[in-house]
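Every number here is computed from the coordinates shown, using simple stated rules; none is lab data. Please read all numbers here as calculations on a predicted model, not as lab measurements. Here Cβ is always computed from backbone atoms with ideal geometry, including for glycine, and neighbour counts include all displayed protein chains.
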Amino acid sequence: MERSIGHHWLNYIDGEWVDCPNRLDVTNPANGEPFASIALASVEDAQRALDAATRCAASGELTRQRPAERVRWLLRIADEIRAVTEEGARMLCLENGKRLSDARDEFAEAARYFEYYAGLADKLEGISVPLGDDYVDFTRYEPMGVSVQIVPWNFPVSICARSLAPALAAGNAVVVKSPELSPLGMCVLFEAIARAGLPRGAVQLLCGLGRDVGAHLAASPQTRQIVFTGSVATGRSILAAAAQWATPSVMELGGKSAAIVFADSDRAQLLASVKSGIFFNSGQVCSAMSRLVVHRDIYDEVVADVAQLARGLTIGPGEQDPDHTPLISGQQLERVVALCEAAIAEGAQPVAGGARVANRTGFYMQPTVFAGVNPEMAIACEEVFGPVLSVIPFDTEEQAVAIANGTPYGLVAGVFTRDVNRALRFARRLRAGQVFVNEWYAGGIETPFGGVGLSGFGREKGQEAIYSYVQTKNVAIRVAEG
Ligand code: NAD
């Protein structure tokens, strides 16, 4: 079967595209209209996917041959992804609301993940441990077996590739659960992956409800590793399920990340970072710059500049490539509006936006900047996951560090200053998995990424990530005498 029947899309299990009795509508956030559907997997479908992956992992087909074969598979996948980029990006833009150019970038990034981890697939070298002449001792990196990967809706294609590429590079079989709100770009991604000639059962893609299909995958003893990217609440329930079988997990959760701005910073550089930091993907980014912590000497100027920036952003549907696009769903829009209303009730001043965009169908939120925010307000502590920036003043370095580190999250943080000593001091003191200096979202797929505290644990991206997808086995040999 093909990947879709008209506008109805299928799941990929055991080397085949399969339909299910139930279906889920997929809605265009730019107009609120359903435009396609996807087969909604049941718990039984999830079990068939786990069984197929378990058979593949047990068959040795992913590890028997020289690792160079996996290198070739991954490079082939990268090429196939590039070939479907235009179609996939248009689908992702339509279902997700994001800018078409950003959707294209997501496919480009997905291809890069496969290329990058292709480069590591044949370099997973163990060590030889000296135990004296009577022993030979060495370590091997073995795949986990079946890796279950649960993906959120905000960057479904690149987040899927971020985990799938190292998992395959290390020789695992994989079951991916796509997000209910944005599953179709991932179907196009999997069509590309399916063309690369992997063994049957090496990869499966299911769209199912989190509370049944996701929960079943997380709780299964066949699952030998879980990679979860999503909210803290879901992360907690997956960790509880994983505890039953002591299943190793990587948790990429939310954030409330702060950028600290000093008077000696470059204003143009700062404003470019604010634009991408909080308004890219309409703020629906785990590592969004949702707090701007600004030295009091320049606080009023920065507030004015940032408010002007927000008010000047063009707004429209993703395919027109404006600066700012709709949120993913009506529910997400209501949540963001409610958080803004609560902030205003607590005394924060909306110097830009603060409400939904009037007179537009679709789920559009105004780019929003709050001044007069103090660190205790809910808007300064809770993850909004929308285009909402809180600007908070500080007087001393101690205060700035305390504000930035003052939430239970710790995904990324930033500092804007020309003073390299100060930048390095802050890089050390900020409680976060990644610190940006003078450019938000500096780094790339090559740089390890992940959180501390409620932002999660384990690292994705970079060389380090591949070690989440293997387990170390030590082989200790007593050498016979004589
Ligand atoms: P979510 O937690 O609602 O859903 C994420 C995925 O989990 C979906 O596929 C969903 O179906 C599934 N799920 C839901 N309940 C489940 C359960 N009980 N068991 C198993 N799976 C279940 O998150 P979301 O709303 O899709 O995404 C937004 C959140 O993701 C934000 O908090 C954001 O910060 C976070 N996020 C983190 C990163 C990161 O890398 N740290 C990246 C992107 C998004």
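With Cα atoms defining each centre, segment 390-417 and segment 229-254 are spaced 27 Å apart in the structure. In plain terms, the chain from A338 to D25 could stretch by 110.1 nm, reckoned as 0.36 nm per residue minus the Cα-Cα distance.
Spacing of the modelled spin labels on I127 and T361, each 7 Å from Cα toward Cβ, amounts to 6.3 nm. For segment 233-306, the Kirkwood hydrodynamic radius from C-alpha pairs, put into Stokes-Einstein at 10 °C and a viscosity of 1.306 mPa s, yields a diffusion coefficient of 108 µm² per second.
With R₀ set to 51 Å, the beta-carbon distance separating H7 from A402 gives a calculated FRET efficiency near 0.45. Once the C-beta distance of A378 and Q471 is scaled by a Förster radius of 35 Å, the resulting FRET efficiency is 0.25 to the nearest 0.05. Note: segment 1-150, Cα convex hull, 157 Å³ per residue. Derived value for segment 109-242: Kirkwood hydrodynamic radius 16.1 Å. Basis is the mean of 1/r over every pair of different alpha-carbon atoms. Divided by 2.2 N^0.38 Å, where N counts the residues, the Cα radius of gyration of segment 374-482 comes to 1.51. Once both labels are positioned 7 Å from their Cα atoms along Cα-to-Cβ, the gap between Q65 and A480 label points is 3.6 nm.
Across 10 Å bins from 0, what is the distribution of all Cα-Cα pair distances for segment 258-443, in whole percents? It works out to 10, 41, 36, 12, 1, in whole percents.
The Cα center of segment 150-179 and the Cα center of segment 265-296 differ in position by 27 Å. Comparing the chain with the 2.2 N^0.38 Å rule of thumb, its C-alpha radius of gyration ratio is 1.01 (two decimals). Ellipticity at 222 nm from helices only: DSSP H runs of n ≥ 4 in the chain, each -39500 (n - 2.57), divided by the residue count, give -12000 deg cm²/dmol. Selection among L124, P143, V157 by position relative to the dipole of segment 118-158 gives V157 as farthest towards the positive end (Cβ unit charges, Cα centre).
In order along segment 230-245, the Karplus-derived 3J(HN,Hα) couplings, from 6.51 cos²θ - 1.76 cosθ + 1.60 at θ = phi - 60°, round to x, 7, 4, 4, 5, x, 4, 6, 5, 5, 5, 5, 5, 4, 4, 10 Hz, and Gly and Pro are given as x.
Distance check, please: which entries in K177/K473; K177/K461; K123/K473; K98/K275 exceed 23 angstrom between their Cα atoms? From the list (K177/K473; K177/K461; K123/K473; K98/K275), the Cα-Cα distance tops 23 Å for K177/K473. Pair-distance distribution of segment 8-253: all C-alpha pairs, bin width 10 Å, starting at 0; shares per bin in whole percent are 8, 32, 36, 17, 4, 2, 0, 0.
List residues of segment 291-314, by number, whose backbone nitrogen lies under 18 Å from a label position 7 Å along Cα→C-beta of R425. So the set is 293-298. Is any residue of segment 334-356 close enough, with backbone N under 18 Å, to a label point placed 7 angstrom from the Cα of R311 along the Cα-Cβ axis, and if so, which? Within reach of a label on R311, which here means backbone N under 18 Å from a point 7 Å along Cα→Cβ, segment 334-356 contributes 349-356.
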